[in-house]
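A.B. asks: Pasting a structure below so you can have a look.
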Amino acid sequence: MQKQLIITEDGSHSIFVKGLDEVYHSRFGAVNESRHVFIEAGFKQLTAKPPNCINILEIGFGTGLNAFLTLQQCIETELHVDYVALEPFPIEKKIWRQLNYPGLIELPEGDKLFFKLHNCKWGKFVEIHRRFRVQKDLSGIVETELESDCFDLVYFDAFAPEVAPELWTLPVFQKIFKAMKEGGVFVTYSAKGAVRRALQSAGFKVERIPGPKGKREMLRGVKGNDS
Ligand SMILES: C[S@@+](CC[C@H](N)C(=O)[O-])C[C@H]1O[C@@H](n2cnc3c(N)ncnc32)[C@H](O)[C@@H]1O
C-alpha cells in the first residue's frame, strides 16, 4: 500500500496510507501524541515502581517512534528495557531514513540509535544500547503466540478500530492479558466504548484518562489482583 510522509502540527513526521485513508499518528502532532499516550500514561506509570528490567510489548512498530521515545527514557532514567515489537508490514528504508524524529527528540547519538533500531535483524533480541534491547517480529497480534506472564507494559498502537476491527477484539485482548504480568499496564490512544468493554471482559481494570491534543480521552488498563 502506498505510504507518504506528512508533517503533523508539532512539526514531526507521520505516514499517510492512501489505501486505508489513515495516518499512523494524530495530525495534531505525532511526537506529542506518542509522548502523551505511551510515555506519560504508560512508561512513567510503571517507572514509579519499576522492575529491574521492564518488558514492553508494542503492537505496531511502524515508524519506531514509540520505541525511540522509550529508548530516550531508558537512557535518562537508567532503567533497562527489553522491547518486543510486532509489525507485519514494515515501512521501507527509503521512508524511515527520512523520518525527522532524531532531529526532534534529544538523545546523544540519536541518529545512530534510530538507524540501529530500524536496521537491526528481525526475529531476535538485538542490543541497541547497553540498557535497551529490541526484538522486532514480522508476525501480527492475531496469529502470534505470546508467553504467559511476560510483559510489564503494553503499547497497543494498531490502526484505529474502524480501519482494523479484527485487532481490537476480545480474543486479542485476552491473549495480551495472559501475556502480561500481574500489575502490568496497557495503554492505547483509543477511547471507544466497545474497546473499553472488550478490555474489561478480558480482565483489565480500565480507566478513561485525558487524551493528547485533539482527543478528549484515551484508555489505560491494569492487570491487577482484583481485576
Ligand atoms: C497506527 S500505526 C502506528 C505505528 C507505530 N507505533 C508508530 O508510532 O509509527 C499501526 C501499525 O500497526 C501495524 N499493524 C498492522 N497490522 C498489524 C497486526 N496484525 N499486528 C501488529 N501490528 C499491525 C501497521 O503496519 C502499522 O505500522
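A.B. asks: If you check residue 72 against the conditions, is it in contact with a Phe, Trp or Tyr (Cβ under 7 Å, 6 or more places away or on another chain) and within 15 Å of the ligand (Cβ to nearest atom)?
C.D. replies: So residue 72 fails the test.
A.B. asks: Which condition number does residue 144 fail, the rest of (1) within 14 Å of the ligand (Cβ to nearest atom); (2) surrounded by 14 or more Cβ atoms within 10 Å (Cβ to Cβ); (3) closer than 29 Å to residue 6 by Cα; (4) not aliphatic (A, V, I, L, M) being met?
C.D. replies: Evaluating residue 144 over (1) within 14 Å of the ligand (Cβ to nearest atom); (2) surrounded by 14 or more Cβ atoms within 10 Å (Cβ to Cβ); (3) closer than 29 Å to residue 6 by Cα; (4) not aliphatic (A, V, I, L, M) leaves (3) as the failure.
A.B. asks: Here's something else I'd like to know. I'd like to verify a number: residues in the range 72-87 that are free of Cβ contacts under 8 Å to residues at least 60 places away in the same chain and either in a helix (DSSP H, G or I) or β-branched (Val, Ile, Thr) (or both), how many?
C.D. replies: Final tally of qualifying residues: 7.
A.B. asks: Is one or more of the residues making up the range 31-42 closer than 25 Å to residue 177 by Cβ, of a type in the set (Asp, Glu) and surrounded by fewer than 17 Cβ atoms within 10 Å (Cβ to Cβ)?
C.D. replies: Yes, some residue in the range 31-42 is closer than 25 Å to residue 177 by Cβ, of a type in the set (Asp, Glu) and surrounded by fewer than 17 Cβ atoms within 10 Å (Cβ to Cβ).
A.B. asks: Of the residues 151, 156, 177, 186, only one is under 26 Å from residue 125 (Cβ atoms), within 14 Å of the ligand (Cβ to nearest atom) and either free of Cβ contacts under 8 Å to residues at least 12 places away in the same chain or surrounded by 17 or more Cβ atoms within 10 Å (Cβ to Cβ) (or both); which? Lay out the reasoning, then the answer.
C.D. replies: Numbers: 151 fails: within 14 Å of the ligand (Cβ to nearest atom); 177 fails: within 14 Å of the ligand (Cβ to nearest atom); 186 fails: within 14 Å of the ligand (Cβ to nearest atom).
Among 151, 156, 177, 186, only 156 is under 26 Å from residue 125 (Cβ atoms), within 14 Å of the ligand (Cβ to nearest atom) and either free of Cβ contacts under 8 Å to residues at least 12 places away in the same chain or surrounded by 17 or more Cβ atoms within 10 Å (Cβ to Cβ) (or both).
A short reminder: the numbers here are calculations on the coordinates, not readings from a lab. Please read these numbers as outputs of a predicted model, since none were measured by experiment. Here the Cβ is made from the backbone with ideal geometry for all residues, glycine too, and neighbour counts use every protein chain on show.
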